[in-house]
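Chemist: Below are the structure tokens for one structure; questions will follow.
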Amino acid sequence: MDIFSIFTLLGGLAFFLYGMNVMSSGLEKMVGGKLEHVLKSMTSNKLKSMALGAAITIAIQSSSAMTVMLVGLVNSGIMELSQTVGVIMGSSVGTTLTAWILSAAGIQSESFFLRMLKPESFSPLVALLGIFLVMAHKEGKKRDIGSILLGFSVLMTGMTFMSSSVSPLADMPIFQDILVMFNNPLMGILLGTVVTGIIQSSAASIGILQSLSMTGSITYGMAIPIITGLNIGTCITGLISCIGANKNGKRVAVVSLYFKLLGTVISLSVFYLLHAVFRFEFVDSPIGALGIAFVHTLFNVINTVILLPFSKQLEKLAKITIRDKNTEEVLLDQRLLQSPAFALVECRNATVRMAKMARDSMLAAIGLLDAYDEKIADSVTEMENEMDRYEDELGTFLVKLSSKDLSRLDSNRAAELLHDIGDFERIGDHAVNILRAAKEIDDKKLHFSEAAQRELVVITRAIMDILDVTVEAFEKDDTALASQVEPIEQVIDGLKLELKGRHIRRLQEGKCTIELGFVLSDLLTNYERVSDHCSNIAVTVLQVKDSVMDAHGYLNKVKSGGDRKFAQAFDAYQEKYSLPEVSKPTENADQLSFAEDPM
């Protein structure tokens, strides 16, 4: 083996790692967001968590990425530590698929069909199909599929380079002398751990070992400790990623490490004890690529079966290792940026929480108009401050996320969220404005006339409804609901003008005061602006489904009467929120609550 063989080995490793990265990114882009939703909803028991961890790792082809993602989710408070233990165990099983794919390189046969199973045979065809899809489609799922196929082809090409570069080692006496060192299990574990820790990929470590096995110089006795070591080495990525995380984020990485360490100690102890008693003949036999894939899978399956019943104990062990400390809550962990599709879903989930906060703050502020309460007023202020934090952290995170490689739909969604968080934050500001108006009414003991109260109840009910419809449309990404927002907004605009006109008439008749007029004007202005922000949010929901839709064009069309459905909805809401007829006040009438429905 000369210097050029070493160059080929390193180049093959580079191809392998690059291909794995491209393939993983493409897979994640296609299914990442969907799997993330399932991840949080199906971690109710250990078996579901394990199955899910295996499925997601198979999809994204990286147990390290899975661990980093879990650290980010737990650090953000999105998942509990207990939910991740089963996922980590399942992930270790899912990562073994790569070894089985790579083992096909060792197939030897003259049969055409068997030869086609060899990666070096079908990889060129996969690459051809992949480059065709990439060149033929500028964006979308077909282009992503093309990237996945190209990544797989580059990965397998790297595997071929590594195999060919190490083949001369079989005839080198010095190589045989080095291998003798790894008859010591501890040296094998150390080698696997160090190599995987350096290259940050257990799949690449397995690929190197499978390449070396093709020389016929690697025995089962050498390979088994190395395989257990590389499983430990894959924890290095998670441990590095947890630097700067809160206590629970760090515990995720520690659970993964303890799972691999305890699994190695238990499995190897039992294996060597049985070997001492029964003297397994296969231990000194050469192992092939298929045998390495089998041992890798068997080791991870046995570890999972043994330790799954003790997941609570693993969690407690992690808590003992990483003790409780006061740490600041993180809205969205930066580690999630390594998985853009997952990160985008978490951004949306955080925005949904912000949307509900905006709605709740507005409803609470409206309630203060009827009966002012200092505690409720404080809660409105606290919610507004929290929404300011959401806007700041979410906006910063989304800007970083937008620079990542996202699909067209995900890019549209990121842009939608950037607009929406501003609108939700402004709704919170208007809630505070209404709070101040309520305080002024309470401090000065002001009372609207019975007619004004009845009119305010109507427009208040319209505001409450448009908030409910907007938040629900945003949360469910429902375009049918979103299309109902603009008709209500137009009705609210008309109600505002009519209520101001009626107030001026009462003012001229001496039935109202200028001071009350200022308060009423502030309320109506804030109501109208809240409805405007709801309209903006609804339009973004419609736009993300149809990226070519022009927001201004859509609004101009519906407002000019060019949309029949809009006109029908507008007429229905205008009837629903019709103002009471102007009449003389009833004597000794009780004050009317804003929560009542006069209709």
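Chemist: Among the residues of the stretch 439-467, which ones are under 22 Å from Leu507 (Cβ atoms) and either in contact with a strand residue (DSSP E or B) (Cβ under 7 Å, 6 or more places away or on another chain) or small (Gly, Ala, Ser) (or both)?
Modeler: Those that are under 22 Å from Leu507 (Cβ atoms) and either in contact with a strand residue (DSSP E or B) (Cβ under 7 Å, 6 or more places away or on another chain) or small (Gly, Ala, Ser) (or both): Ser449, Ala451, Ala452.
Chemist: Here's something else I'd like to know. Yes or no: the stretch 355-371 includes at least one residue that is hydroxyl-bearing (Ser, Thr, Tyr) and either at pLDDT 95 or above or touching a Lys or Arg at 6+ places or on another chain (Cβ under 8 Å) (or both). Walk me through how you get there before you give the answer.
Modeler: We begin by selecting, within the stretch 355-371, every residue hydroxyl-bearing (Ser, Thr, Tyr); these are 361.
Subset that is either at pLDDT 95 or above or touching a Lys or Arg at 6+ places or on another chain (Cβ under 8 Å) (or both): 361.
Yes, the conditions are met somewhere in the stretch 355-371.
Chemist: Can you tell me which residue within the stretch 365-390, out of those that are acidic (Asp, Glu) and either farther than 17 Å from Asp522 by Cα or not in a helix (DSSP H, G or I) (or both), is least open to solvent (accessible area, probe 1.4 Å)?
Modeler: Ranking the candidates gives Glu384 first.
Chemist: A further question follows. Check Leu317, Leu290, Leu274 and return the single one that is in a helix (DSSP H, G or I), under 18 Å from Met89 (Cβ atoms), open to solvent by 20 Å² or more (accessible area, probe 1.4 Å) and not β-branched (Val, Ile, Thr).
Modeler: Numbers: Leu290 fails: under 18 Å from Met89 (Cβ atoms); Leu274 fails: under 18 Å from Met89 (Cβ atoms).
Going through Leu317, Leu290, Leu274 in turn, just one is in a helix (DSSP H, G or I), under 18 Å from Met89 (Cβ atoms), open to solvent by 20 Å² or more (accessible area, probe 1.4 Å) and not β-branched (Val, Ile, Thr): Leu317.
Chemist: Just one of the numbered conditions (1) hydrophobic (A, V, I, L, M, F, W, C); (2) outside any helix (DSSP H, G or I); (3) surrounded by fewer than 20 Cβ atoms within 10 Å (Cβ to Cβ) is not true of Leu332; which one?
Modeler: (3)
Chemist: Taking the stretch 529-542, which residues are closer than 18 Å to Ala438 by Cβ and either among the small types (Gly, Ala, Ser) or surrounded by fewer than 19 Cβ atoms within 10 Å (Cβ to Cβ) (or both)? Write out each step before concluding.
Modeler: Quick first cut of the stretch 529-542, residues closer than 18 Å to Ala438 by Cβ only: 529-530.
The one that is closer than 18 Å to Ala438 by Cβ and either among the small types (Gly, Ala, Ser) or surrounded by fewer than 19 Cβ atoms within 10 Å (Cβ to Cβ) (or both): Arg529.
Chemist: Being of a type in the set (Val, Ile, Thr), within 29 Å of Leu418 (Cβ to Cβ) and either open to solvent by 30 Å² or more (accessible area, probe 1.4 Å) or touching a helix residue (DSSP H, G or I) at 6+ places or on another chain (Cβ under 8 Å) (or both) narrows it down to one of Ile488, Ile459, Ile514, Ile504, so name that one.
Modeler: Numbers: Ile459 fails: within 29 Å of Leu418 (Cβ to Cβ); Ile514 fails: within 29 Å of Leu418 (Cβ to Cβ); Ile504 fails: within 29 Å of Leu418 (Cβ to Cβ).
Sole residue among the options that is of a type in the set (Val, Ile, Thr), within 29 Å of Leu418 (Cβ to Cβ) and either open to solvent by 30 Å² or more (accessible area, probe 1.4 Å) or touching a helix residue (DSSP H, G or I) at 6+ places or on another chain (Cβ under 8 Å) (or both): Ile488.
Chemist: Kindly evaluate Thr228 against the criterion of being touching a Phe, Trp or Tyr at 6+ places or on another chain (Cβ under 9 Å), surrounded by 22 or more Cβ atoms within 10 Å (Cβ to Cβ) and touching a residue at least 60 places away in the same chain (Cβ under 8 Å). Before you say what the answer is, go through the steps one by one.
Modeler: On the way: touching a Phe, Trp or Tyr at 6+ places or on another chain (Cβ under 9 Å): yes; surrounded by 22 or more Cβ atoms within 10 Å (Cβ to Cβ): yes; touching a residue at least 60 places away in the same chain (Cβ under 8 Å): yes.
The answer is yes for Thr228.
Chemist: Now for a different question. Tell me which residues, restricted to the stretch 432-459, are more than 16 Å from Pro580 (Cα to Cα), in contact (Cβ under 8 Å) with a residue 60 or more places away in the chain and more than 48 Å from the chain's Cα centre (by Cα).
Modeler: Lys444, Leu446, His447
Chemist: Now for a different question. In the stretch 240-256, how many are assigned to a helix (DSSP H, G or I) and farther than 16 Å from Ser63 by Cα? First the steps, then the outcome.
Modeler: Going through the stretch 240-256, the residues assigned to a helix (DSSP H, G or I) turn out to be 240-241, 247-256.
Checking which are farther than 16 Å from Ser63 by Cα leaves us with 247-251.
Total meeting the criteria: 5.
Chemist: While we're looking at this one, here's another question. In the list Glu416, Glu472, which residue meets the criterion of being touching a residue at least 24 places away in the same chain (Cβ under 8 Å) and over 20 Å from Asp373 (Cα atoms)? Can you show your working first?
Modeler: Numbers: Glu472 fails: touching a residue at least 24 places away in the same chain (Cβ under 8 Å).
When all the criteria are applied, what remains is Glu416.
Chemist: Give just the number: which of (1) touching a residue at least 40 places away in the same chain (Cβ under 8 Å); (2) at negative phi; (3) loosely packed, with under 15 Cβ neighbours inside 10 Å does Ile218 not satisfy?
Modeler: Exception for Ile218: condition (3).
Chemist: Consider Phe259 carefully, then state whether it is open to solvent by 20 Å² or more (accessible area, probe 1.4 Å) and either free of Cβ contacts under 8 Å to residues at least 24 places away in the same chain or in a helix (DSSP H, G or I) (or both).
Modeler: Numbers: open to solvent by 20 Å² or more (accessible area, probe 1.4 Å): no; either free of Cβ contacts under 8 Å to residues at least 24 places away in the same chain or in a helix (DSSP H, G or I) (or both): yes.
So Phe259 fails the test.
Chemist: Moving on to the next point. In this structure, does Arg323 turn out to be open to solvent by less than 40 Å² (accessible area, probe 1.4 Å), of a type in the set (Lys, Arg) and out of contact with any Ser or Thr (no Cβ under 7 Å at 6 or more places or on another chain)? Step through it out loud before you land on a result.
Modeler: Numbers: open to solvent by less than 40 Å² (accessible area, probe 1.4 Å): no; of a type in the set (Lys, Arg): yes; out of contact with any Ser or Thr (no Cβ under 7 Å at 6 or more places or on another chain): yes.
Taking the combined requirement at face value, the residue does not satisfy it.
Chemist: Which one is farthest from the chain's Cα centre (by Cα), of the residues in the stretch 391-422 that are under 24 Å from Asn433 (Cβ atoms) and open to solvent by less than 40 Å² (accessible area, probe 1.4 Å)?
Modeler: Going through the qualifying residues, I end up with Gly422.
Chemist: Test of understanding: among Arg408, Arg426, which residue is out of contact with any Gly (no Cβ under 9 Å at 6 or more places or on another chain) and not small (Gly, Ala, Ser)? Spell out the reasoning first.
Modeler: Numbers: Arg408 fails: out of contact with any Gly (no Cβ under 9 Å at 6 or more places or on another chain).
Within the list Arg408, Arg426, the selection yields Arg426.
Chemist: If you don't mind, another one. Considering each of Ser267, Ser339, Ser311, Ser361 in turn, give the residue that is free of Cβ contacts under 8 Å to residues at least 40 places away in the same chain and buried (at least 18 other Cβ atoms within 10 Å of the Cβ). Break it down into steps so the answer makes sense when it comes.
Modeler: Details: Ser339 fails: free of Cβ contacts under 8 Å to residues at least 40 places away in the same chain; Ser311 fails: free of Cβ contacts under 8 Å to residues at least 40 places away in the same chain; Ser361 fails: free of Cβ contacts under 8 Å to residues at least 40 places away in the same chain.
Unique residue meeting the criteria: Ser267.
Chemist: Continuing with this model, one more query. Have a look at Ser285, Ser269 and point out the one that is out of contact with any Leu (no Cβ under 7 Å at 6 or more places or on another chain), of a type in the set (Ser, Thr, Tyr) and farther than 24 Å from Gln210 by Cβ.
Modeler: Working: Ser285 fails: farther than 24 Å from Gln210 by Cβ.
The conditions single out Ser269.
The values are calculated or read from the model by the stated rules, or taken from the named source; none is laboratory data. Everything numeric here is computed off the predicted structure, so don't read it as measured data. Using ideal geometry, Cβ is built from the backbone for each residue, glycine included, and neighbour counts are taken over all protein chains shown. All accessible areas refer to the heavy atoms of the entire protein, side chains included, with ligands and DNA or RNA removed. Shrake-Rupley method; radii C 1.70, N 1.55, O 1.52, S 1.80 Å.
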